[in-house]
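To start, the structure itself, in structure tokens.
The values are calculated or read from the model by the stated rules, or taken from the named source; none is laboratory data. Every value quoted in this text rests on a predicted model; they were computed, and no experiment measured them. In this analysis, Cβ positions are derived from the backbone assuming ideal geometry, glycine residues included, and neighbour counts consider all displayed protein chains.
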Amino acid sequence: MIKGWAVKEKGKPLELIEFQAQPLQDDEVEVKILASGICASDIDACKGVYPVEMYPYPIIGGHEGVGHVTQIGKLVKRLKVGTLVGLGVYRDCCNSCTYCSNGKNNLCGDKRLMFALGQKGTFSDYVRIKGQFAFAIPDGFDDPEIVGPLMCAGLTTFAPFKNHNIKPGDKVGVLGIGGLGHLAVQFAAKWGCEVYALSSSSDKTESIKKLGAHHVVDMKQDPELKTIANTLNYVLMTAGGATNWKAFVNALAAEGKLVVMGNPGYADIPINPLALLLQQKTICGSAAGSSGVAVDMLRFAALHKIVPQCEKFPFSEVNEVMAKVKDNKVRYRAVLCHSLEKK
Ligand SMILES: [Zn+2]
Ligand SMILES: [Zn+2]
């Protein structure tokens, strides 16, 4: 039997459910979860924002899991019982379309399955998942409980460095310093970029500089980003609620890219094409990285001691903690830990 924190129907809070695990398939592993981060997308999925065909109830939340392999199917060669693994955004792909064949299984058009699918979420004690989507955590992390957020927030913010050709010395703006942004700042600094943190929370300035930002732009003081107009080679847009699109495009240097990664709140983008055309600026999207990028990201993070900064909570407080995350009251990522549960 597997236990997990699930939403049984739209609009309801999460509650602990118990269900019979499906038999372990030859290409699957079973992972005993230590801890799971909470991502804004979990809150959306549990609220029922995504189409119900994609996310049938009950939904067990969580896609930033970390834990040890406890069982292994006979086709899984890379992992062993006892391996510490991370579980993230993706759960399946076709392994044969053009994208999968080119190492971009995060873009698989045919069979890509993402988080929050039925009973596969990491707000649980065990998860059974294709071995292909369980990533061995390299040595170098002191606290395994806080590694989980690398699997979504980390993979999402690392991907553009690989996929959008960000180079050392580039001026990189990170918009929104929260669960995603605090990792983007660390990746950009260690990648060798000049890092501009664009934040509305002036109380975070000192801690943002400690993460590696060279400049902190207070967007309350300078909402139009006039002090950095035409400066940045990239703006990595990690903040869901950010809306001042004109200012973000205006902050880009010629040929600069505005990379949308945090869910921007479902609003359309009101940009005059001339603002893009005359200096060849680009607005583009970036999804969480492929399996190959996940391996690279974990190795890069372990090497450079890039770790999520987390507040830990017991799983049984999941509903309260999700509300805190939604109200932007957690620095910088909330992690649910089985070790904190009262016996
Ligand atoms: Zn996520
Ligand atoms: Zn595919």
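The single condition among (1) outside any loop (DSSP other than H, G, I, E, B); (2) more than 16 Å from ligand 1 (Cβ to nearest atom); (3) under 26 Å from A334 (Cα atoms) that F141 does not satisfy is (1).
Number of residues in the range 308-343 that are charged (D, E, K, R) and either in a helix (DSSP H, G or I) or exposed (fewer than 14 other Cβ atoms within 10 Å of the Cβ) (or both) equals 9. Looking only at residues in the range 90-132 that are of a type in the set (S, T, Y) and closer than 15 Å to L155 by Cβ, the one that is surrounded by the most Cβ atoms within 10 Å (Cβ to Cβ) is T122. The residues on offer are H63, H68, and the sole one that is closer than 22 Å to S339 by Cα and away from ligand 1 (no atom under 16 Å from the Cβ) is H68. K312 falls short of the stated requirement of being among the charged types (D, E, K, R), at negative phi, in contact with a Gly (Cβ under 8 Å, 6 or more places away or on another chain) and at pLDDT 95 or above. Condition check for I129 on (1) at negative phi; (2) within 16 Å of ligand 2 (Cβ to nearest atom): one failure, at (2). Quick check on the range 44-51. Is at least one of its residues within 16 Å of ligand 1 (Cβ to nearest atom), at positive phi and buried (at least 24 other Cβ atoms within 10 Å of the Cβ)? Taking every residue of the range 44-51 in turn, none turns out to be within 16 Å of ligand 1 (Cβ to nearest atom), at positive phi and buried (at least 24 other Cβ atoms within 10 Å of the Cβ). Residues in the range 259-276 that are within 27 Å of D327 (Cβ to Cβ) and either aliphatic (A, V, I, L, M) or assigned to a helix (DSSP H, G or I) (or both): 5 in all. Has the range 277-290 got at least one residue that is modelled with pLDDT of 95 or more, surrounded by 15 or more Cβ atoms within 10 Å (Cβ to Cβ) and part of a helix (DSSP H, G or I)? No, because not a single residue in the range 277-290 is modelled with pLDDT of 95 or more, surrounded by 15 or more Cβ atoms within 10 Å (Cβ to Cβ) and part of a helix (DSSP H, G or I). The residues on offer are C152, C94, and the sole one that is in contact with an Asp or Glu (Cβ under 7 Å, 6 or more places away or on another chain) and under 30 Å from D327 (Cα atoms) is C152.
Yes/no per residue for (1) under 17 Å from the mean Cα position of the chain (by Cα); (2) away from ligand 2 (no atom under 16 Å from the Cβ); (3) at pLDDT 90 or above:
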| residue | (1), (2), (3) |
| --- | --- |
| G61 | yes, yes, yes |
| Q71 | no, yes, yes |
| G88 | yes, yes, yes |
| S96 | no, no, yes |
| C108 | no, no, yes |
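Looking at E28, E18, just one residue is in the same structural domain as F115 (by TED's automatic domain parsing), over 25 Å from I137 (Cβ atoms) and not hydroxyl-bearing (S, T, Y), and that residue is E18. Test K32 against the stated conditions and say whether it is away from ligand 1 (no atom under 16 Å from the Cβ), within 22 Å of the chain's Cα centre (by Cα) and over 20 Å from S291 (Cα atoms). It is true that K32 is away from ligand 1 (no atom under 16 Å from the Cβ), within 22 Å of the chain's Cα centre (by Cα) and over 20 Å from S291 (Cα atoms). Remark: pairs (first residue in the range 86-101, within 29 Å of A302 (Cβ to Cβ); second residue assigned to a helix (DSSP H, G or I) and more than 13 Å from ligand 1 (Cβ to nearest atom); Cβ separation under 6 Å; 6+ apart in sequence or on different chains) = Y90/F133; R91/F133; C93/C100; C93/N105; Y99/L107.
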